[in-house]
Amino acid sequence: MKPSTDLRDTLFVLFGAGGDLSWRLIVPALFNLHLNKRLPARFMLLGVDRADYDSDMLADHYHQGVIRFSRNGAPADDAWQEFKKTIRYVRSDINDPDSYTRLKTMLENYDLDWNDRSEKVFYLATPPTLFEPIVHGLGSSGLALDREHNRVVVEKPLGRDLESFREINDVLCLNFNEQQIFRIDHFLGKETVQNILAMRFANPIFEPVWNRRYVDHVIITVAETLGVESRGGYYDHAGALRDMVQNHLFQLLCLVAMEPPVAYDAEDIRDKKIDVLRALRPIAPDAVPDCAVRGQYDEGKIAGTHKPRYRDEPGVDSHSNTETYAALKLHVDNWRWQDVPFYLRTGKRMCADVSEISIRFRDVPHRSFPASSGLNSQPVRLVIQMHPEQGIVLKFMAKEPGSGLRLLPVDMRFSYKEAFQVDTPAAYETLLWDVMTSDATLFMRADQVEAAWRFLMPVLENWEGNPTVDFPNYASGSWGPETAEALTACDGKCWLIPTLTKP
Ligand code: BG6
């Protein structure tokens with residue numbers, strides 16, 4: 001990692017400066033980089049929006065955001081005052097071509113003052129409907145031309161299907177080249193997610209068993225107790241498949257299933273990830289019900305508190321057919337994984353907040369122990385815990401002390417907190433740092449996003465063409481709809497209650 005003294009002067013242009021994403025995630029992350037002395041010595045945060053703000057008002061708004069959402073809590077006054085000096089508000093109408101010309105002049109003036117050609121990051125923290133005018137504006141004003149120093153960052157959702165993704169991507173690629181485009185999937189910035197590669201490829205002991213000979217199946221779970229909160233307007237047009245599976249869960253799948261990269265570099269890693277998506281067994285339209293299950297939450301209780309049904313959430317259609325839970329059964333058709341099922345599930349208002357990947361190993365080939373020993377009461381599993389626990393657990397069988405032979409499951413654990421005694425940086429801190437240093441390893445390449453959409457199209461089309469009759473079909477505070485059980489049960493498997501959750 002480069003020391004911040006090696007970072008070049010940076011102008012960070014934040015479109016959607018008054019929005020929720022900027023307030024909750026981006027600015028607190030930039031502030032924490034500032035606290036950790038990981039911002040360039042010369043740095044300006046230019047917040048672009050159309051509201052009637054000024055720089056002081058924007059800074060005060062961000063101050064509140066940092067107090068509420070930073071992992072470090074309320075900032076010390078001197079640290080905040082120092083950071084505040086970097087914030088400048090740029091009132092602008094993104095549909096007006098002149099505003100980009102003015103922006104360009106402003107950026108050039110900073111370069112003149114600094115006597116440097118600075119790095120320019122254009123971060124689009126706006127609804128995706130605004131990507132096109134902004135990217136065109138940047139392109140036609142010449143702000144995309146400096147391939148080496150200027151880059152653009154876009155957030156998911158990148159489209160709502162294959163076609164709309166291609167439209168957005170065409171606009172991006174018309175104005176910027178691929179090396180300048182940073183597509184964020186914030187899961188890739190999580191330490192525990194990055195550690196999947198470290199665990200698999202920095203240790204010789206996992207790879208030999210990481211294949212169809214030893215692995216029986218893999219379960220990826222990302223469950224949230226939160227509902228849609230204030231995002232009903234967006235979510236009701238998206239649903240769990242688009243909001244979580246197409247991006248976050250597929251990233252996890254790729255990291256677990258990919259081949260070893262030759263080198264830890266952006267292109268090689270992304271090539272290996274796309275190989276996984278290319279190897280996914282396509283889901284035929286008539287096979288969708290056998291491979292995909294959807295659910296929508298009903299009212300229920302979580303931690304003793306009553307929660308409303310999805311259809312009663314603000315911004316949600318009272319007859320909504322949008323799924324808040326999605327589960328898929330997938331196969332990666334290659335030498336390593338042939339016939340090993342991968343089960344993916346994600347949902348809102350579930351029983352617990354937990355994200356983990358469970359690698360379930362095959363049973364022993366021959367049972368030397370008597371049936372009464374209890375062998376196979378719990379199979380050997382390796383659990384990669386991403387949230388709330390952060391670590392890795394190997395669950396295996398051991399002999400219970402005492403006379404007789406009784407085997408019981410035990411855990412061998414690695415915990416991030418205990419091992420490193422540090423607070424892990426928030427995903428956005430890692431990703432923003434990488435954008436500033438122009439390292440695209442943890443960002444999505446266009447072909448990967450496209451492959452994910454292409455694969456999911458039969459499911460999206462089937463679900464859109466066949467409204468459900470059973471929604472809502474799971475209670476808030478449960479593990480999802482009962483229909484999801486069939487997805488694993490027909491293969492003689494079951495969803496396991498995630499490890500170490502205390503519902
Ligand atoms: C976002 C989704 O991308 O990820 C949200 O839009 C979801 O619906 C969130 O809640 C989960 O991220 P995290 O980091 O809180 O696990």
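The values are calculated or read from the model by the stated rules, or taken from the named source; none is laboratory data. The structure presented is a predicted model; accordingly, all values stated were derived computationally and were not measured. Neighbour counts run over all protein chains shown; Cβ positions are idealised from the backbone, glycine included. Just the protein is used for accessible areas: all its heavy atoms, side chains included, with ligands, DNA and RNA removed. Shrake-Rupley method; radii C 1.70, N 1.55, O 1.52, S 1.80 Å.
Considering only residues of region 289-309 that are among the acidic types (Asp, Glu) and out of contact with any Phe, Trp or Tyr (no Cβ under 8 Å at 6 or more places or on another chain), which is farthest from Asn473 (Cα to Cα)? It would help to see each step written out before you state the result.
Looking only at region 289-309, we keep the residues that are among the acidic types (Asp, Glu), and these are 290, 298-299.
Those still in the list that are out of contact with any Phe, Trp or Tyr (no Cβ under 8 Å at 6 or more places or on another chain) too: 290, 299.
Working: Asp290: 18, Glu299: 10 Å.
Only one residue fits best here, namely Asp290.
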Would region 275-285 turn up any residue that is under 17 Å from the mean Cα position of the chain (by Cα) and surrounded by 18 or more Cβ atoms within 10 Å (Cβ to Cβ)?
yes
Exactly one condition in (1) in contact (Cβ under 8 Å) with a residue 24 or more places away in the chain; (2) among the hydrophobic types (A, V, I, L, M, F, W, C); (3) surrounded by fewer than 21 Cβ atoms within 10 Å (Cβ to Cβ) is false for Ala29; which is it?
(3)
Going through region 313-332 one residue at a time, which ones are open to solvent by 40 Å² or more (accessible area, probe 1.4 Å) and either within 22 Å of Trp479 (Cα to Cα) or modelled with pLDDT under 95 (or both)?
Asn321
Residues in region 256-265: is at least one surrounded by fewer than 21 Cβ atoms within 10 Å (Cβ to Cβ), at pLDDT below 95, within 16 Å of the ligand (Cβ to nearest atom) and more than 20 Å from the chain's Cα centre (by Cα)?
no
Has region 63-82 got any residue that is under 25 Å from Ser438 (Cβ atoms) and surrounded by 13 or more Cβ atoms within 10 Å (Cβ to Cβ)?
no
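Quick grid of which residues meet (1) in the same structural domain as Leu21 (by TED's automatic domain parsing); (2) among the aliphatic types (A, V, I, L, M); (3) open to solvent by 10 Å² or more (accessible area, probe 1.4 Å):
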residue: Leu112; (1), (2), (3): yes, yes, yes
residue: Leu124; (1), (2), (3): yes, yes, no
residue: Leu130; (1), (2), (3): yes, yes, yes
residue: Ser140; (1), (2), (3): yes, no, yes
residue: Arg151; (1), (2), (3): yes, no, no
residue: Phe165; (1), (2), (3): yes, no, no
Condition check for Ser318: among the polar types (S, T, N, Q) and away from the ligand (no atom under 16 Å from the Cβ)
yes
Can we say Gly315 is out of contact with any Pro (no Cβ under 7 Å at 6 or more places or on another chain) and of a type in the set (Gly, Ala, Ser)?
yes
By my count, helices (runs of 4 or more DSSP H) wholly in region 373-479 with at least 2 residues that are at pLDDT 95 or above and open to solvent by 50 Å² or more (accessible area, probe 1.4 Å) are 446-465
Would you call Val215 surrounded by 13 or more Cβ atoms within 10 Å (Cβ to Cβ) and either more than 16 Å from the ligand (Cβ to nearest atom) or not β-branched (Val, Ile, Thr) (or both)?
yes
Limited to region 188-212, what total is found for residues that are within 16 Å of the ligand (Cβ to nearest atom) and either open to solvent by less than 30 Å² (accessible area, probe 1.4 Å) or under 21 Å from Phe361 (Cα atoms) (or both)?
6
For Thr346, state whether it is crowded, with 16+ Cβ neighbours inside 10 Å, farther than 26 Å from Lys190 by Cα and β-branched (Val, Ile, Thr).
no
Members of region 80-97 found to be under 23 Å from Arg38 (Cα atoms) and among the aliphatic types (A, V, I, L, M), listed by number:
Ile87
